[in-house]
Amino acid sequence: MVSRLLKACLLLTCVAAAARRGEEIKLWPHGAPGSEGVTGPEVSKPSANPKYQGWPANYTVTHYPAIYVFLPPVDKATGAAMVVAPGGGHRQLVIEKEGWEIADWLNAQGIAAFVLKYRLAKAEGSKYTLPGEVYADAARSIRLARSHAAEWGVDPGKIGFIGFSAGGEVAGMVETKFDGGRADASDPVERESSRPDFTVLVYPWYRPGAMKPDADPLFPVPANAPPAFLVCAGDDPSHVEPTVKFYLELEARRIPTEMHIYAYGGHGFGLRPTKKPAPVMEWPQRMKDWLLERGIISR
């Protein structure tokens, strides 16, 4: 009993000291592959919300991919975690609405959150690509979270990935392309698996190439893809069709998948109230129910 209490106390102390709220940790401390030689600054707009004073509301130029660490209160922690990929059409990152706000909600549920700042493939002058640098950032974020699991009080078998809009496309990529890590890698992060244990796609765009006429997706669904939860509104036509199409692909491979299509709610609702009361605002609770049902979190 004493030994267990001592271990618990040590764990709580370790987690409490692991990272301050919103601490930025670069995915590659010595520079990201594909950004070699880049020295220019990133461009962002500051948040007007006092709660996020000093933090960006969005990014329009990114070169130095990173995660921002948000750990739940120790007495609420479930051991589950999610990497959070904001949207923005790959031209910007809407990191306040679909990053900080999501992280705070997840923390309130006892779920650790790692907000992903990924490189922008469609920003003006960008040379980054979706299947190249953007995918690399997403895969690395999962490996990095898993490599710090003990330090951050996270179960390495309960690390998911949630993405919004363009970030949902990124979630679709890691849903369908991953590996178990390289045991002989000199970088310990690269020894970790990049497979998420579950994914959540909120009003997602589709994976690269999948919507082109007569084209197969660049990342076809494998038989061991993780369980997925999909959300969209019916009055968001450019996103609801890709959402349903992805659902059907996952179902065809018998991947456990739950989808919610709400009649209205538009695009980009996040956690914010819609212009008129709408059932779509219940999606976070439906996701929480799904996490409970799958045993990812517990009551």
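Residues 183, 228: which one is surrounded by fewer than 14 Cβ atoms within 10 Å (Cβ to Cβ) and at pLDDT 95 or above?
Values: 228 fails: surrounded by fewer than 14 Cβ atoms within 10 Å (Cβ to Cβ).
None of the other options fit; the residue is 183.
Against the definition (closer than 25 Å to residue 31 by Cα, outside any loop (DSSP other than H, G, I, E, B) and of a type in the set (Lys, Arg)), how does residue 45 come out, yes or no?
Yes: the conditions hold for residue 45.
So, in segment 89-102, how many residues would count as being crowded, with 24+ Cβ neighbours inside 10 Å and not acidic (Asp, Glu)?
Looking only at that region, the number is 5.
In segment 252-265, what residues are more than 20 Å from the chain's Cα centre (by Cα) and surrounded by 14 or more Cβ atoms within 10 Å (Cβ to Cβ)? Full working, then the answer.
Initial filter on segment 252-265 (more than 20 Å from the chain's Cα centre (by Cα)): 252-254, 261-265.
Once the filter is applied, which keeps residues that are more than 20 Å from the chain's Cα centre (by Cα) and surrounded by 14 or more Cβ atoms within 10 Å (Cβ to Cβ), segment 252-265 yields 253, 261, 262, 264, 265.
Applying the selection to segment 144-180, what residues are surrounded by fewer than 18 Cβ atoms within 10 Å (Cβ to Cβ) and in a loop (DSSP other than H, G, I, E, B)?
Residues satisfying the conditions are 155, 156, 157, 179, 180.
Consider residue 196 against the criteria (1) modelled with pLDDT under 95; (2) in contact with a helix residue (DSSP H, G or I) (Cβ under 8 Å, 6 or more places away or on another chain); (3) not in a helix (DSSP H, G or I): it satisfies all of them except one. Which criterion is unmet?
(1)
Filter segment 264-299 down to the residues that are out of contact with any Lys or Arg (no Cβ under 6 Å at 6 or more places or on another chain) and hydrophobic (A, V, I, L, M, F, W, C) and list them by number.
Going through segment 264-299, the residues out of contact with any Lys or Arg (no Cβ under 6 Å at 6 or more places or on another chain) turn out to be 264-269, 271-295, 297-299.
Hits for segment 264-299 are 269, 271, 278, 280, 281, 283, 287, 290, 291, 292, 297.
Could you tell me whether any residue of segment 136-143 is part of a loop (DSSP other than H, G, I, E, B), buried (at least 22 other Cβ atoms within 10 Å of the Cβ) and either at pLDDT 95 or above or of a type in the set (Asp, Glu) (or both)? Lay out the reasoning, then the answer.
We begin by selecting, within segment 136-143, every residue part of a loop (DSSP other than H, G, I, E, B); these are none.
No: segment 136-143 contains no residue that is part of a loop (DSSP other than H, G, I, E, B), buried (at least 22 other Cβ atoms within 10 Å of the Cβ) and either at pLDDT 95 or above or of a type in the set (Asp, Glu) (or both).
Take segment 43-62 and flag every residue that is surrounded by fewer than 14 Cβ atoms within 10 Å (Cβ to Cβ) and not aliphatic (A, V, I, L, M).
Correct list: 45, 46, 49, 50, 51, 53, 54.
Are any of the residues in segment 110-132 under 16 Å from the mean Cα position of the chain (by Cα), surrounded by fewer than 23 Cβ atoms within 10 Å (Cβ to Cβ), over 22 Å from residue 20 (Cα atoms) and not acidic (Asp, Glu)?
Scanning segment 110-132 turns up at least one residue that is under 16 Å from the mean Cα position of the chain (by Cα), surrounded by fewer than 23 Cβ atoms within 10 Å (Cβ to Cβ), over 22 Å from residue 20 (Cα atoms) and not acidic (Asp, Glu).
The values are calculated or read from the model by the stated rules, or taken from the named source; none is laboratory data. Everything quoted here is computed from the prediction, not taken from an experiment. Cβ atoms come from the backbone with ideal geometry, glycine included; neighbour counts cover every protein chain shown.
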